[in-house]
1. Using amide H atoms built in the peptide plane, which far-off residues or other-chain residues are under 5 Å from Ile14 H to H?
2. In the chain, which helices (entire DSSP H runs) extend 20 Å or more along their own long axis, judged by Cα positions, while averaging at least 1.0 on the Kyte-Doolittle scale?
3. Once the other residues with Cβ under 15 Å from the Cβ of Leu123 are scored (Lys, Arg +1; Asp, Glu -1), what is the net sum?
4. Below 15 angstrom from the Cβ of Gln73, what's the summed charge of the other residues (Lys, Arg +1; Asp, Glu -1)?
5. Grab the other residues whose beta carbon is less than 15 angstrom from that of Leu140, score K and R as +1, D and E as -1, and report the net.
6. Dividing the convex hull volume of the alpha carbon atoms of the chain by its residue count, what do you get in Å³ per residue?
7. With a 10 Å Cβ neighbour count serving as the proxy for reagent exposure, in which order, fewest first, do Ile39, Ile146, Ile151 appear?
8. Scan segment 16-98 for trypsin sites (Lys or Arg not before Pro) in coil per DSSP, keeping those whose Cβ has at most 12 other Cβ atoms within 10 Å, and list them by number.
Amino acid sequence: MAAGRCTRCGSAEIGTDGLCSLCGFPAKVANSVMTRAYIVTGSLALSVLVYAALAYFLVQSGAFSGPSVRLPQPVSYVLLGLGVLATLGGIVTARRGHLAETPQRVLAKLFRAGALCEVPAVLGFILALVTHDLRWLVMLTAFALIGFLSIAMEMPAYAQRVTEYLEAHPDYRRPKG
Ligand SMILES: [Zn+2]
């Protein structure tokens, strides 16, 4: 993959050593870290919509022939509450995650935030199929999307943190995996 541009000075001249020819910033590593951040977070956010569309289609078309279950009201609210709590946990994790030490830890926090915001989407999918009631799907999908929107708003802070770390540690190599 092309090394792209230097996130520090904007130069497109990245040497074969992965360093920016103009300012010496380890642009290749920085770009690889942030590309991974965008791809994983973007895939998770996209999967929220896929879950919602799939559940909507299965319920509306009647293709999902399982019997509709009427959940007791308290059970429904507990599940809704779990979805809301997971989303809030994801938002808090996203707001703090960029303070982590190394780019690897910063990524780990970001992905944990994404996983938490994914919880309401999965709950909405399951509840929609169990109850055939699409209100669950709408509410829980909305929470998941609010969570991912909040993660997206933190992304510049993540990019900045990675840039700052790599400025201080130009010999950093991202661990494999
Ligand atoms: Zn540069």
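Any read-out appearing in this document is the output of simple, stated calculations on the displayed coordinates, not a laboratory observation. Only a predicted model underlies this, so the values are computations on that prediction, with no experimental measurement involved. Please note: Cβ atoms are built from the backbone with ideal geometry, for glycine as well, and neighbour counts cover all protein chains shown.
1. Hits under the 5 Å cutoff: Ser21.
2. Passing helices, by number: 27-61, 103-131.
3. Details: positive: Arg135; negative: Glu118, Asp133.
Net charge around Leu123: -1.
4. Spelling it out: positives minus negatives among the neighbours equals +1.
5. Working: positive: Arg135; negative: Glu118, Asp133.
Around Leu140, the surrounding residues sum to -1.
6. Spelled out: Cα convex hull of the chain, divided by residues, is 119 Å³.
7. Values: Ile39 10, Ile146 17, Ile151 25.
Least crowded to most crowded, the residues run Ile39, Ile146, Ile151.
8. Loop-located and lightly packed - Arg70.
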